[in-house]
Structures are given as C-alpha cells and as structure tokens.
1. Hey, among G157, G162, which residue is touching a Gly at 6+ places or on another chain (Cβ under 8 Å) and either small (G, A, S) or surrounded by fewer than 16 Cβ atoms within 10 Å (Cβ to Cβ) (or both)?
2. If I7 satisfies all but one of (1) touching a residue at least 12 places away in the same chain (Cβ under 8 Å); (2) farther than 18 Å from P239 by Cα; (3) out of contact with any helix residue (DSSP H, G or I) (no Cβ under 7 Å at 6 or more places or on another chain); (4) not in a loop (DSSP other than H, G, I, E, B), what's the number of the condition it fails?
3. Identify all residues within the stretch 148-186 that are part of a loop (DSSP other than H, G, I, E, B), of a type outside the set (A, V, I, L, M, F, W, C) and over 13 Å from A229 (Cβ atoms); write none if there are none.
4. Within the bounds of the stretch 82-90, is there any residue that is within 21 Å of D156 (Cβ to Cβ) and either of a type in the set (A, V, I, L, M) or over 17 Å from the mean Cα position of the chain (by Cα) (or both)?
5. Can you tell me which residue is nearest to P147 (Cα to Cα) among those in the stretch 178-208 that are surrounded by fewer than 16 Cβ atoms within 10 Å (Cβ to Cβ) and among the acidic types (D, E)?
6. Looking at the stretch 28-44, can you tell me whether even one residue there is more than 21 Å from D166 (Cα to Cα) and among the aliphatic types (A, V, I, L, M)?
7. Consider P140 carefully, then state whether it is assigned to a loop (DSSP other than H, G, I, E, B), modelled with pLDDT under 90, farther than 21 Å from R191 by Cβ and in contact with a Phe, Trp or Tyr (Cβ under 9 Å, 6 or more places away or on another chain).
8. Can you pull out every residue in the stretch 65-101 that is surrounded by fewer than 23 Cβ atoms within 10 Å (Cβ to Cβ) and in a helix (DSSP H, G or I)?
Amino acid sequence: MIARDRIGAVIAQSPRIASLPRDRRGLPIPYVVFRDDAGNPDFIVNDIRRVLECLSKGLCGVCGQGMDRDDVWMIGGPGSALDPRGMYNDGPVHHECGAASLRMCPYLAIRRHKGMKPVAKQSVLSKMVEDGKALGFVDPTMDPNKPESFILGRVDGLAAVGSQHDFRLIPNRPFIEIEEWAGGTVIQQARLGQVGMDAIMEAYRLDGERRMKSRGETIFNLAPFQLLAWSGGLSGEFPWT
C-alpha cells in the first residue's frame, strides 16, 4: 500500500521515530499516547502521567527523549500558533519528531473508536480525566475538521497555564523559526539564515494581530500571561527549569 510505503520511508529517515513501538497497523505510538488496560493505544487521548513527565523533565512528547534548548518545537493549527490568545494541548517536540508526524498525518486518520458516538466517546474520556489517568485532546492529525495547514514553530520559552489535569501551554512569541505544513509537506518556512525570513515572520505576526482584531480585541484585552507571551516575556522560561 502507498500509505504503508510512505510511513515506512518516514520511519527510516527518523531514528527517534524508529525507536517507538508500533500498533498493529505499523504506526508509531507517540510516547504520551494513552494505553488501555490491554495495552492498546488510543491516539486521541494523552496519558496525563507521561505528559507531566515530559513537561517536568524536558522530554519530547513524541519520542520521549530529552530536548536541547535550541530544538523545542510546537505543532498546532494557525489559531494556536499565531493568535495572541492561542494555546496548545500538546507539549513540545523535537523538530525531527514534529516533521515526521506531519509527514505521516494523512495516514493517521483512522480512529480506534471511529464507530463510537461523540457523546459516548466524551463520556469515556471524561471518566479517564476525572480518574487522573488521561488528558483528553484533539490530535490535529486526526480531527476530521482539521485546519488546512499546520504550524511547526520553534520556541525559546513556554509556560503551562491551569491546573494539573486541565492545563494549556502558551509559547513565547514570536517563534524563532516557523514551518507551515499542508498535505504532509512544507508549503512555507522562515528558517534562520533564510533570505527574506524577517518579512515572512512579520507576515505571520500580522496574521495573528488580524485574528485578534477580527474579534474586536486589542492587546489590552489579553490576559497578563497572554500579553507576556505575545511580547516575548517568556524567553528562556520552560516548565522543566
């Protein structure tokens, strides 16, 4: 199958992804993915214990290995990445792991609970969250209403907001580098040393401001922690420091 061939090619190019266990379809199982009592992974639920472990120790949420300060990236839709109010459910990853995940995303659309009605699924998920076993999230690679593109952005600071079992992550902005992905490929990027990088980064910044203004808001409507992040005040701050 073409899908299997492509997944195999991505795994072969990513040593960290290759080190992960795989499900019966051959898909790599990210480190933070929740497993039921039989050991079966549920790709739309995060294991809260592993999420907290990653945030406290500076581990990649995909491979579970340590991250260097200059290789901390966030994956999300344009809303999470660019909007001044944007925050994330998922923790940071290596660039290698984030890029590999985005290359494979067209083939991660089959949910294990595909036939379960949304209300029933939410009931099961809520019970796991209440028990402190899992943190529910919508994986952008599986959401049927996923955005047209995803932003893979490198951050130099990050803060957790909320309680232990109900929190979001807000990145320091602007991002240090950005890759915009669609259909498993990079469609635009702003990388260090790239000609025209500043203009591209400024365009992304303006996109975020437009999102804010479309709601009739200004920076004065932001919560203090959001304003701090938007103005670059989280530089050098990480949950594991």
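1. When all the criteria are applied, what remains is G157.
2. Here I7 clears every test but (3).
3. E148, S149, Q164, H165, G183, G184
4. Yes, there is a match, as at least one residue in the stretch 82-90 is within 21 Å of D156 (Cβ to Cβ) and either of a type in the set (A, V, I, L, M) or over 17 Å from the mean Cα position of the chain (by Cα) (or both).
5. Result: D207.
6. yes
7. Answer is yes for this residue.
8. Matches in the stretch 65-101: P78, G79, H95, E96, A99.
The values are calculated or read from the model by the stated rules, or taken from the named source; none is laboratory data. Because the structure is predicted, anything quoted here is derived from the model rather than measured. As a convention, Cβ positions derive from the backbone with ideal geometry for all residues, glycine included, and neighbour counts pool all protein chains shown.
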